[in-house]
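Following: one structure in structure tokens, then a few remarks.
What follows draws every value from the coordinates through simple rules; no lab data is involved. Computed from a predicted model, the values in this text were never measured in an experiment. Methodologically, a virtual Cβ is constructed for each residue, glycine included, from the backbone with ideal geometry; neighbour enumeration extends over all protein chains shown.
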Ligand SMILES: Cc1cc2nc3c(=O)[nH]c(=O)nc-3n(C[C@H](O)[C@H](O)[C@H](O)COP(=O)(O)OP(=O)(O)OC[C@H]3O[C@@H](n4cnc5c(N)ncnc54)[C@H](O)[C@@H]3O)c2cc1C
């Protein structure tokens, strides 16, 4: 495959090798980004950390509105909002750098998340000047608290099937909104509701900006939840709510598109926020392993615990590498579009939509890695981890939701492959020729069937393996691929592993010459040994379903790697993190 220094299009990582210098990571944070993170961290440390238990109870619902206002006063909530409306519109990398810290503030992180992401993005992306001027400054100061109302009792993953309806009033002066939304974060104290509803009998949703002050909004009781108990989550009932015509957001029937674009940005931000949560869980586990003594030794000196710590640390490195690589790619695409004469809004849309596949993959990978890390950290705590007094118990209950909202991980897996194939069919990605070239290379280069000896070699083979598998799937199943969900999920797993492994490899290569380079290479080796079996297993299942033994043998060969002493690598990595007591490079 050719290596390019050019900006890659979304999905193109499967066809082209990116130059490491092109890839953004937390190692590239600017002074401003570090300062922003530190100020948010200091604020939350002071206001939230010492009383995290309050945020694991209904007390959180009462504290959140005032604390949001304090954050508004400090200017934090304007991170993505133009200066003209009171914000400091940072680039996407900075928004992620902010989100990793801010959204990690126990249940309060959700309040910040909605106020700076789902509860403002519809307006930022689709609002007209009047709507922006009317509502954005209030959202930035938190004088207006917002929420995002898409889900209904009968419409969850199938969001476009919602029954909430807006009907034009008899005199044509306003809409009348009726319906019910469910699981709405921040709804208990929200003043502004972005509501997705169908106008009359339209087949598609529209989106409305609805003020509580319009009247006719009734709230259900707070949901009793497994975790994030301090986050307000209620049903919202709309009963003859009068909505002015000018509060239709975007165009009639555009609501589903609005919802999807907003969720794209939400998913990538979530991938960064769960990285922050994973770091917190990791720190708790490592600290406990340093202190707790059994059989006359600290837990951290046992190989079994070191194995866990190395796996957890390596996952965090990969999580960071994935999220910030995507954020960098989005910003590069944005800059290129602006240089090409696009309007700011068009550039924003297109740059985010371009990487929708990567955003979905990041959400899946990072939320599952987060769950693994927090689960293993709890395990290191033994019985203490099961105590309701221990912070890791709260983290464990809190982390589980992340695989469910912002599109379940099943939906995001299928979506990622759907988006990839759509790009191929629209001629934006030449997957067909990529698959042909991979097949040809396998015919002409018998050495490809030898076990890989280096990471770039292994990554190249995984890409070839993905392309020939996707090609075989398309050939046999394309007309009814939507019905073959198991195959779509497995293709997604293969693509996710390619992206995960390549992201941490590229980041590490960029750090050549730095003192941390050897550690980074070890973190990549651990990721490699995670990626290969997952990729192989998913590929195997597809080969069985296609009844294709030849492809099976090829994939087996492409996943082979020269043996190396991973146990020794893990021990060194674990010792490194145990010494520092947390994740730091
Ligand atoms: C605490 C919390 C906060 C939330 N906050 C908000 C919010 O602020 N605003 C908002 O609008 N929503 C919110 N949600 C809703 C959330 O986005 C939905 O719960 C989520 O999208 C899943 O929908 P569902 O619960 O109806 O599950 P379902 O759609 O019924 O899915 C159930 C299971 O079936 C699977 N499934 C569904 N369809 C398919 C399919 N086609 N193929 C294969 N498998 C499928 C899913 O992956 C899942 O495993 C929140 C939810 C919770 C729990």
With everything on Cα atoms, drop me the angle between helix 255-291 and the longest principal axis of the chain, reported from 0 to 90° to the nearest 10.
60
Treating the angle as unsigned and between 0 and 90°, give the value, to the nearest 10°, between the Cα long axis of helix 485-510 and the longest Cα principal axis of the chain.
70
Once R0 is set to 51 Å, what does the formula 1/(1 + (r/R0)^6) return for the Cβ-Cβ distance between residue 83 and residue 579, expressed as a FRET efficiency to the nearest 0.05?
0.70
Could you state the number of Å between the C-alpha centres of the range 120-185 and the range 41-103?
22
Put in order of increasing Cβ neighbours within 10 Å, starting from the fewest, 149, 543 give 543, 149
What is the mean projected area of the alpha carbon convex hull for the range 148-253, to one decimal in square nanometres?
6.6
Placing each pseudo-label 7 Å from Cα in the direction of the beta carbon, residue 28 and residue 432 end up separated by a distance in nanometres of 3.4
Starting from the Cα of residue 19, move 7 Å in the Cα-to-Cβ direction to define the label point; list residues of the range 495-533 whose amide nitrogen is under 14 Å from there.
510
So the label point goes 7 Å from the Cα of residue 335 along Cα→C-beta, right? Which residues of the range 1-33 then have their backbone N under 19 Å from it?
4-10, 18-33
Mean-position separation - Cα centroids, the range 187-224 and the range 369-408, in angstrom:
32
If each residue of separation counts as 0.36 nm, what is the full-extension length gain between residue 39 and residue 453 once their alpha-carbon separation is subtracted?
144.6 nm
antiparallel share of DSSP beta bridges within the range 148-253, to nearest 5, in %, is 85
For the range 256-408, what relative contact order do you get, as a whole percent, if you take Cα pairs closer than 8 Å and at least 6 residues apart?
36
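Could you work out the relative contact order of the chain, using alpha carbon pairs under 8 angstrom and six or more residues apart, expressed as a whole percent?
On the way: 1001 pairs, mean separation 88.9, N = 585.
This gives 15 percent for the chain.
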Expected output is a single nm value to one decimal: the length gained when fully extending between residue 246 and residue 219, i.e. 0.36 nm times separation in residues minus the C-alpha distance. What is it?
7.3 nm
Cα shape, the range 28-145, gyration tensor, a/c 1.5 rule:
oblate
Here the Kirkwood hydrodynamic radius of the range 118-195, Cα-based and in Å, equals 13.9
Exposure proxy order (Cβ contacts within 10 Å, fewest to most) of 39, 399, 107
39, 399, 107
Could you tell me what % of all Cα pairs in the range 368-504 have separations over 23 Å?
51
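Per residue and in cubic angstrom, what volume does the convex hull of the Cα atoms of the range 483-585 have?
Expressed per residue, the convex hull around the Cα atoms of the range 483-585 is 116 Å³.
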Output row, site residue 562, 7 Å Cα→C-beta label point, backbone N cut-off 19 Å, window the range 420-456, residues 446-456
Normalise the Debye intensity by I(0) for the range 250-377, one equal point scatterer per Cα, no solvent, then take log10 at q = 0.09, 0.13 Å⁻¹ and round to two decimals.
-0.38, -0.63
Share antiparallel - DSSP beta bridges, the chain, percent rounded to 5:
75
Taking a temperature of 37 °C and a viscosity of 0.692 mPa s, what whole-number D in µm²/s does Stokes-Einstein yield for the range 428-485 with Rh from Kirkwood over alpha carbon pairs?
262
Extent along principal axes [Cα atoms of the chain; Å; largest to smallest]:
76, 61, 43
On average over all directions, what projected area in square nanometres does the range 312-402 have, based on the convex hull of its Cα atoms?
6.8
Evaluated at q = 0.19 Å⁻¹: base-10 log I(q)/I(0), Debye formula over Cα of the range 292-357
-0.75
The alpha-carbon center of the range 440-456 and that of the range 495-555 are separated, in whole Å, by 15
Extension reserve of the residue 547-residue 346 stretch, reckoned as 0.36 nm per residue once the Cα distance is removed
67.8 nm
Along Cα→Cβ, 7 Å out, is where each label goes; now give me the distance between the ones at residue 478 and residue 388 in nm to one decimal.
5.7
For the range 1-64, list log₁₀ I(q)/I(0) at each q in 0.22, 0.28 Å⁻¹, using the Debye formula over Cα point scatterers of equal strength and ignoring solvent, two decimals each.
-0.90, -1.10
